[in-house]
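The values are calculated or read from the model by the stated rules, or taken from the named source; none is laboratory data. Being a predicted model, the structure only gives us computed values, none of them experimental. Backbone-built Cβ (ideal geometry, glycine too); neighbour counts: all protein chains shown. What goes into the accessible areas is simple: the full protein's heavy atoms, side chains included, and nothing from ligands, DNA or RNA. Shrake-Rupley method; radii C 1.70, N 1.55, O 1.52, S 1.80 Å.
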Amino acid sequence: MKVRKAVFPVGGLGTRFLPATKALPKEMLPIVDKPLIQYAVEEAQAAGVEEFIFVTGRGKSAIEDHFDFSFELQETLGSRGKTEALNSISDWLPPAGQVAYTRQQEPLGLGHAVWCARHLVGDEPFAIFLADDLILSRTPALKQMVDVFAETGGNVVAVMDVPRAHTNRYGILDVGADDGRLAEIKGLVEKPHPDAAPSTLSVIGRYILLPEVFDYLSAMERGAGGEIQLTDAMAKLIGKSPFHGLRFEGRRFDCGDKLGFLQATVAFGLERDDLRDGLKTFLSEITTAG
Ligand code: G1P
């Protein structure tokens, strides 16, 4: 079955990026010249996703404007013959009627945010994107997962190894059969203390889940941090259908963290033909100057 829909939970306050995020949604922070949320939407498009479901909150209207026509800008750029700039604001826009917005009214956790999209998703497998997790890869990360899903079915999450000291920041896997790329998941625990973590293999913000997850989210059980955790509902899917973690090819940047955000800016800048040389020169100057 095809993964046609993706959910983008974008209701978070972004307190780690204040004051920048006082009036600007954190998902609109740019890496080079593109907002984080656009990277996520383009990755979804590259994996064949056709419907885009945003779970927003108060103060997030800039995201809706970003995925809409901007008549004034399009008119002006068009009449001035600025084709490249015109394409850069419209090329990637999902067609009319293929974007939906719903609000998470209270900050009750990631699981609750996803649950808010249940009627928009309906009864089919769907993807979830956490836009903070930006992945630089040859094949878009969700495309890698969709290819696995086509073989295994069930649920597929993106995973990577993290230092043991960091297990309390992630959903952590208890691993069954493992071929080094694809790990069968036999348990999941949200943000365990390093001493209690069943492994160091952690969930990164890309998921393909079966709609049964909504049944478990409906229980509204509180987990780590008193929040309704997606990880806890996913754990209940284990054993009922296949559940795999994919060690994706690519490099993940935690753009919800200042250092990760800066690293992403440099890495994505170096990918760009128009910026690579200038950036390299600057980096070597500034790092050798001590
Ligand atoms: C969320 C999830 C966690 C996952 C992480 C990936 O945590 O709850 O399971 O490992 O995203 O970035 P958050 O970063 O929202 O605390």
Exactly one of Arg118, Arg80 is more than 21 Å from Gly57 (Cα to Cα) and out of contact with any Gly (no Cβ under 7 Å at 6 or more places or on another chain), and that residue is Arg80
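Does Val146 meet the test of being within 26 Å of Lys34 (Cβ to Cβ), away from the ligand (no atom under 16 Å from the Cβ) and either open to solvent by less than 10 Å² (accessible area, probe 1.4 Å) or touching a residue at least 24 places away in the same chain (Cβ under 8 Å) (or both)?
Working: within 26 Å of Lys34 (Cβ to Cβ): yes; away from the ligand (no atom under 16 Å from the Cβ): yes; either open to solvent by less than 10 Å² (accessible area, probe 1.4 Å) or touching a residue at least 24 places away in the same chain (Cβ under 8 Å) (or both): yes.
Criteria met by Val146.
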**Asked** Does Lys26 count as within 15 Å of the chain's Cα centre (by Cα), within 15 Å of the ligand (Cβ to nearest atom), touching a residue at least 24 places away in the same chain (Cβ under 8 Å) and open to solvent by less than 50 Å² (accessible area, probe 1.4 Å)?
**Response** yes
Residue match in the range 232-252 (condition: more than 24 Å from Glu106 (Cα to Cα), of a type in the set (D, E, K, R), more than 15 Å from the ligand (Cβ to nearest atom) and in contact with a helix residue (DSSP H, G or I) (Cβ under 9 Å, 6 or more places away or on another chain)) = yes
From the option list Gln104, Gln98, Gln74, single residue qualifying as surrounded by 13 or more Cβ atoms within 10 Å (Cβ to Cβ), within 16 Å of the ligand (Cβ to nearest atom) and not charged (D, E, K, R) is Gln104
Across the range 123-133, the tally of residues that are surrounded by fewer than 13 Cβ atoms within 10 Å (Cβ to Cβ) and β-branched (Val, Ile, Thr) stands at 0
*Would you confirm whether any residue within the range 231-246 is over 19 Å from Met145 (Cβ atoms), open to solvent by less than 30 Å² (accessible area, probe 1.4 Å) and among the hydrophobic types (A, V, I, L, M, F, W, C)?*
no
A careful count of residues in the range 219-231 that are away from the ligand (no atom under 14 Å from the Cβ) and among the aliphatic types (A, V, I, L, M) gives 2
The residue that is farthest from the ligand (Cβ to nearest atom), considering only those in the range 107-122 that are touching a Phe, Trp or Tyr at 6+ places or on another chain (Cβ under 8 Å) and open to solvent by 40 Å² or more (accessible area, probe 1.4 Å), is Arg118
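Being assigned to a strand (DSSP E or B) and more than 13 Å from Ile204 (Cβ to Cβ) is the filter here, so list the residues in the range 237-273 that pass it. Outline the logic, then answer.
Just the residues of the range 237-273 that are assigned to a strand (DSSP E or B), to begin with: 238, 241, 243-247, 251-254.
Listed by number, the residues that qualify are Ile238, Ser241, Phe243, His244.
Step by step: first the residues of the range 257-290, then only those that are in contact with a strand residue (DSSP E or B) (Cβ under 8 Å, 6 or more places away or on another chain) and among the small types (Gly, Ala, Ser), then the one that is farthest from the ligand (Cβ to nearest atom). Which residue is that?
To start, the set of residues in the range 257-290 that are in contact with a strand residue (DSSP E or B) (Cβ under 8 Å, 6 or more places away or on another chain) comprises 260-261, 263-265, 267-268, 271.
Next, only the ones that are among the small types (Gly, Ala, Ser) stay: 260, 264, 267.
Details: Gly260: 10, Ala264: 14, Ala267: 18 Å.
Among those that are in contact with a strand residue (DSSP E or B) (Cβ under 8 Å, 6 or more places away or on another chain) and among the small types (Gly, Ala, Ser), it is Ala267.
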Listed by first then second residue, the pairs whose first member lies in the range 194-222 and is of a type in the set (Asp, Glu), whose partner is assigned to a loop (DSSP other than H, G, I, E, B) and modelled with pLDDT of 95 or more, with beta carbons under 9 Å and at least 6 positions apart or on separate chains, are Glu212/Lys236; Glu212/Leu237; Glu212/Lys240; Asp215/Lys236; Glu221/Ile228; Glu221/Gln229
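Could you go through the range 274-284 and let me know if any residue there is part of a loop (DSSP other than H, G, I, E, B), more than 17 Å from Ala158 (Cα to Cα) and modelled with pLDDT of 95 or more. I'd like the intermediate steps shown before the answer.
Taking the range 274-284 as the starting set, the residues that turn out to be part of a loop (DSSP other than H, G, I, E, B) are 274-275.
Filter again for more than 17 Å from Ala158 (Cα to Cα), leaving 274-275.
In the following step, the residues that additionally are modelled with pLDDT of 95 or more were identified as 274-275.
Scanning the range 274-284, I find at least one residue that is part of a loop (DSSP other than H, G, I, E, B), more than 17 Å from Ala158 (Cα to Cα) and modelled with pLDDT of 95 or more, so the answer is yes.
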